[in-house]
1. Divide by every residue of the chain the summed helix terms, -39500 (n - 2.57) for each DSSP H run of at least 4, and state the resulting mean residue ellipticity at 222 nm, rounded to the nearest 500 deg cm²/dmol.
2. List the longest stretch of the chain that has no exposed loop site; here a site is one of the GluC sites (Glu not before Pro) assigned by DSSP to anything other than H, G, I, E or B, with at most 11 other Cβ within 10 Å.
3. What percent does the relative contact order of the chain come to when contacts are Cα pairs within less than 8 Å and at least six residues apart?
4. Quick one: Debye curve from the C-alpha atoms of the chain, no solvent, what's log10 I(q)/I(0) at q = 0.14 Å⁻¹?
5. Can you pull out the chymotrypsin sites (Phe, Trp or Tyr not before Pro) in segment 308-355 whose DSSP state is coil and whose Cβ has at most 14 other Cβ atoms within 10 Å?
6. Lysines within cross-link reach of residue 181: Cα-Cα under 29 Å, excluding same-chain residues under 8 positions apart?
7. With N set to the number of residues, divide the alpha-carbon radius of gyration of segment 279-380 by 2.2 N^0.38 Å and report two decimals.
8. Work through the residues other than residue 10 whose Cβ is under 11 Å from its Cβ and net out their charges, Lys, Arg +1 and Asp, Glu -1.
Amino acid sequence: MNHAVMALSGGMDSSSLLLHLLRKGTAVTAVSFNYGQKHTVELERAASLVNYLRENGYAINHQQADLRSAMALFQSDLLLSGGEVPQGHYEEDNMKATVVPNRNAIFSSLLYGIALSLSEDAQGPVSVVLGVHSGDHAIYPDCRPEFYRALEHAFQLGNWDSERVEFELPFLLKDKTSILKDALVSVDHLGLDFDEVFRRTITSYDPDDDGRSHGKTGSDVERILAFHAIGKTDPIEYVQPWDVVLADALAIERQHKEQHYREILTPLQYHVTRESGTERAFTGETWNEKRSGRYTCICCGTLLFTSSMKFDSGCGWPSFHNEHEEANILRREDFTHGMVRIEVRCSVCDAHLGHVFNDGPEAYGGERYCINSASMVFTPEEDDS
């Protein structure tokens, strides 16, 4: 049997990671850290989850480590000694106030030491498994893959028998939504109840005295949007009803994205994609593009079309007879300008792309996607000659 040591915070990610390891048949030693965080209710949730899993037949060695005295002089708004936890989007700069200096290095060092000790007892390999993921990289530098590569190298240099211990980061390329999707697979495999599992978690950095999640801190917003993305209501209790916290989270996400789009797009690109504008005919960069390549959404990079789907309709805008199977382009009735048309939008970021008409090549189904060049990025195929 494989053995793993992990940090179990009581949050959504680490709880999903625990399920992931149990699904793989791994023997788990889970460690929860009390480091003076404001949201110590997460430690209670972690213990509750472990008890629930034990009741369902899953043996877990769960320990709690008290680091309060060691980290008492650290500065962070996440700690009891810090200021107010900032509200807003998870990727905004003010969220850096929630960084706890060197936290993951401290946790990883302790987990590595435990893994070394366990490997000696078991006379076999033990993994230090961490739930860091791509969504954390922007704000938390100690969640980046290069940090863990360097840390693992340092630990290998500084310990005998280090060949028996390695880091594993199974969620590294995932986001909150894909982590929840992984958890759905796990609970189904393990015969557990999804809501019962996640009712025993908390992600809020600023819960109230009753342990209810705030709903507007960055960590709250990220969690709410992830549950919404998989079509589920979060089973934990918020200070306001779910429909209210969801509406607030969606508004915060829209505001953050709109600011991001204003920064990365030209005025024309923004007008077309975010304000449903239209570029003038025969002026777009790709209306007469004949090279082989791919057309992706300029806002989010979703693959929309390939050059094999493009044809010359003579209308003055790029025309395609089919969309790529990965695109799942959205269609909406459009009654603007005194006309009845079918608008097409990106299914991922809701960018306006153009319209679809029924005057395309019959051999391909008879449709013509009339798309603004300003809504797309064209990437030509590399010339192998």
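None of the figures in this text is laboratory data; all of them are computed from the coordinates on show. Just so it is clear, the model here is predicted, and its values are computed rather than measured. Positions of Cβ are generated from backbone atoms using ideal geometry, with glycine treated the same way; all protein chains shown enter the neighbour counts.
1. On the way: 9 runs with 125 residues, N = 385.
Value at 222 nm, helices only: -10500 deg cm²/dmol.
2. On the way: sites that count: 84, 325, 326, 381, 382.
Value returned for the longest uninterrupted segment is 85-324.
3. Details: 710 pairs, mean separation 49.2, N = 385.
It comes to 13 percent, rounded to a whole number.
4. Each listed q corresponds, in turn, to -1.15.
5. Values: sites: 311, 320, 335; in loops: 335.
Counting only loop positions with at most 14 other Cβ atoms within 10 Å, the chymotrypsin sites (Phe, Trp or Tyr not before Pro) in segment 308-355 are 335.
6. 24, 38, 96, 216, 232, 257
7. Working it through for segment 279-380, the quotient is 0.98.
8. For residues surrounding residue 10, the net value is -1.
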